[in-house]
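Student: Before anything else, here's the structure in question.
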Amino acid sequence: MAAKNLKRVALLTGGGDCPGLNPAIRGAVLRLAQEGVECLGMREGWRGMIEGKADPLTPADVAWIVGKGGTILGTSRTNPYKKEGGVEKVAETFKKLELDALIAMGGEDTLGVASKLWTERKLPVIGVPKTMDNDLSATDYTFGFDTAATVAVDAAERLRDTGLSHRRVMLLEVMGRHAGWVALFTGLAAGADYVCLPERPVDVKDMAAKVKAAFAARKTALVVASEAVDLPGETVKKELDEFGHEVLKSRGVAERLTEALEKETGLEVRSAVIGHIQRGGAPTLFDRILGTRVGVKAAELALAGDFGNMVALKGNAVVPVSLKEATAKLKTVDKEWLDLLDRLTAISGKTPVAA
Ligand code: F6P
């Protein structure tokens, strides 16, 4: 490994946190330490780079974090391109802290900044993909997604238990921003009767018909809905963040769908919003291993001077892809998955679930 020019590397985590970040930080720090490279942890994403705030990050600091949720570095949704002199300040921090490389861990926003810093300023950056939304197109999976969907499946099954006891329809709203992967996987894995995704407008009549059929057969029904779905004929006031993305917290999808379902079916409906619970807690086995692998690979790209790249999972291999390619397009649920979902939710009839 050509580590001779690399003395100090900074790491940052930006955007929404997710389980798997700590294993990735650990993987990178341990691998770099093996080559005698010193690591710094930038505080709270790009904000730390703008303000020049960093802490030492040693193998001892990361020894036991593989099973810990969140990120020990802290995070923010700060965009240097939206701050007065922000990009200049990031470049100054590189100089002031004598950084030879920066490993930026984030989703499309954080990595979009990294990509621009590389193409416009040739700052030596490497990207690590993370997001519970799983919406980065250049990688098969991002860590955080498996844990988030696993937590949501557990929530969905709990809802079904109480729904069956009370003979109610239960609806679970999950996160996922503008990609429906979390809702899709949760719905498939929990055997939901209907799944609402942001990739297509909700067909209220179709949803009501399937929910009624499921309820008639099983005395309860389960609907999983993504936070960004649109109901026909509704206009929602939009609030945007520093990256120009809609802040979805006040959309009230669960309430609006509950109301529509009660009206159309005449059944009693209760809903729950899982929200940030999906982003906390210990990473699953899959996310621990994926986080570790991409963290180690990012360190190796830095050691090799292979900047301007993001580490992607392709099949079972972790490989570099250019940051530009990695941030070009959002990965949304495609027709093949929609067809699979439609086939499974079209099935009704008696099952052994009924008490
Ligand atoms: O991008 C990850 C994500 O969890 C989205 O699914 C969600 O819409 C958003 O972050 C919530 O952001 P915040 O933590 O800023 O409320």
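The values are calculated or read from the model by the stated rules, or taken from the named source; none is laboratory data. Worth saying up front: this structure is predicted, and the values here are computed from it rather than measured. Note: ideal-geometry Cβ built from the backbone for every residue, glycine included; neighbour counts use all protein chains shown. Only protein heavy atoms, including side chains, enter the accessible area calculation; ligands, DNA and RNA are left aside. Shrake-Rupley method; radii C 1.70, N 1.55, O 1.52, S 1.80 Å.
Student: Of all residues in region 179-198, which are open to solvent by 10 Å² or more (accessible area, probe 1.4 Å), more than 20 Å from Thr147 (Cβ to Cβ) and within 16 Å of the ligand (Cβ to nearest atom)?
Tutor: Of everything in region 179-198, just one residue is open to solvent by 10 Å² or more (accessible area, probe 1.4 Å), more than 20 Å from Thr147 (Cβ to Cβ) and within 16 Å of the ligand (Cβ to nearest atom), namely Pro198.
Student: Let me ask something additional. Among Gly67, Gly41, Gly15, Gly85, which is of a type in the set (Gly, Ala, Ser) and under 22 Å from Ala326 (Cα atoms)?
Tutor: It is Gly15.
Student: Then there's this: Determine if region 14-37 includes at least one residue that is part of a strand (DSSP E or B), open to solvent by 10 Å² or more (accessible area, probe 1.4 Å) and assigned by TED's automatic domain parsing to the domain that holds Leu111.
Tutor: Going through region 14-37, the residues part of a strand (DSSP E or B) turn out to be none.
Within region 14-37, none of the residues are part of a strand (DSSP E or B), open to solvent by 10 Å² or more (accessible area, probe 1.4 Å) and assigned by TED's automatic domain parsing to the domain that holds Leu111.
Student: Please specify each residue of region 222-276 satisfying the condition of being open to solvent by 70 Å² or more (accessible area, probe 1.4 Å), at pLDDT below 80 and of a type in the set (Val, Ile, Thr).
Tutor: Within region 222-276, just Thr235 meets the criteria.
Student: Within region 208-257, can you find the residues that are closer than 14 Å to Gly163 by Cα, among the β-branched types (Val, Ile, Thr) and not in a loop (DSSP other than H, G, I, E, B)?
Tutor: Those that are closer than 14 Å to Gly163 by Cα, among the β-branched types (Val, Ile, Thr) and not in a loop (DSSP other than H, G, I, E, B): Val211, Val223, Val224.
Student: Tally time: how many residues in region 155-186 are out of contact with any helix residue (DSSP H, G or I) (no Cβ under 7 Å at 6 or more places or on another chain), farther than 18 Å from Gly252 by Cα and of a type in the set (Gly, Ala, Ser)?
Tutor: Just the residues of region 155-186 that are out of contact with any helix residue (DSSP H, G or I) (no Cβ under 7 Å at 6 or more places or on another chain), to begin with: 155, 158-168, 177-180, 183.
Those still in the list that are farther than 18 Å from Gly252 by Cα too: 155, 158-168.
Subsequent filtering for residues that are of a type in the set (Gly, Ala, Ser) retains 155, 163, 165.
Going through region 155-186 one residue at a time, the tally reaches 3.
Student: Then there's this: Collect the residues in region 137-178 that are within 11 Å of the ligand (Cβ to nearest atom), under 16 Å from Val294 (Cβ atoms) and outside any helix (DSSP H, G or I), keeping them in residue-number order.
Tutor: Thr142, Gly144
Student: State yes or no: is Lys82 assigned by TED's automatic domain parsing to the domain that holds Lys130 and surrounded by fewer than 16 Cβ atoms within 10 Å (Cβ to Cβ)? Outline the logic, then answer.
Tutor: Values: assigned by TED's automatic domain parsing to the domain that holds Lys130: yes; surrounded by fewer than 16 Cβ atoms within 10 Å (Cβ to Cβ): yes.
So Lys82 passes the test.
Student: If you check every pair at least six apart or on different chains, which have Cβ atoms under 9 Å apart with a residue in region 277-304 that is in contact (Cβ under 8 Å) with a residue 12 or more places away in the chain and at positive phi first and a residue that is open to solvent by less than 10 Å² (accessible area, probe 1.4 Å) and part of a helix (DSSP H, G or I) second?
Tutor: Gly281/Thr147
Student: Moving on to the next point. Quick check on region 329-340. Is at least one of its residues surrounded by fewer than 20 Cβ atoms within 10 Å (Cβ to Cβ) and in a strand (DSSP E or B)? Give the steps one after another, and end with the answer.
Tutor: The first filter runs over region 329-340 and keeps only residues surrounded by fewer than 20 Cβ atoms within 10 Å (Cβ to Cβ), leaving 329-332, 334-340.
Add one more test, that the residue is in a strand (DSSP E or B), and what stays is 330.
Yes: one or more hits.
Student: Kindly list the number of the only condition in (1) surrounded by 15 or more Cβ atoms within 10 Å (Cβ to Cβ); (2) within 24 Å of the chain's Cα centre (by Cα) that fails for Ala317.
Tutor: Every listed condition holds for Ala317 apart from (1).
Student: Another question, then. Every residue in region 96-136 that is out of contact with any strand residue (DSSP E or B) (no Cβ under 7 Å at 6 or more places or on another chain) and either outside any loop (DSSP other than H, G, I, E, B) or among the basic types (Lys, Arg) (or both), please.
Tutor: The answer is Lys96, Asp109, Gly112, Val113, Ser115, Lys116, Thr119, Glu120, Arg121, Lys122.
Student: Oh, and also: For region 165-175, does any single residue satisfy the condition of being touching a Pro at 6+ places or on another chain (Cβ under 9 Å), of a type in the set (D, E, K, R) and open to solvent by less than 40 Å² (accessible area, probe 1.4 Å)? Spell out how you get there, then give the answer.
Tutor: Start the filter on region 165-175 by keeping residues that are touching a Pro at 6+ places or on another chain (Cβ under 9 Å), which leaves none.
No, because not a single residue in region 165-175 is touching a Pro at 6+ places or on another chain (Cβ under 9 Å), of a type in the set (D, E, K, R) and open to solvent by less than 40 Å² (accessible area, probe 1.4 Å).
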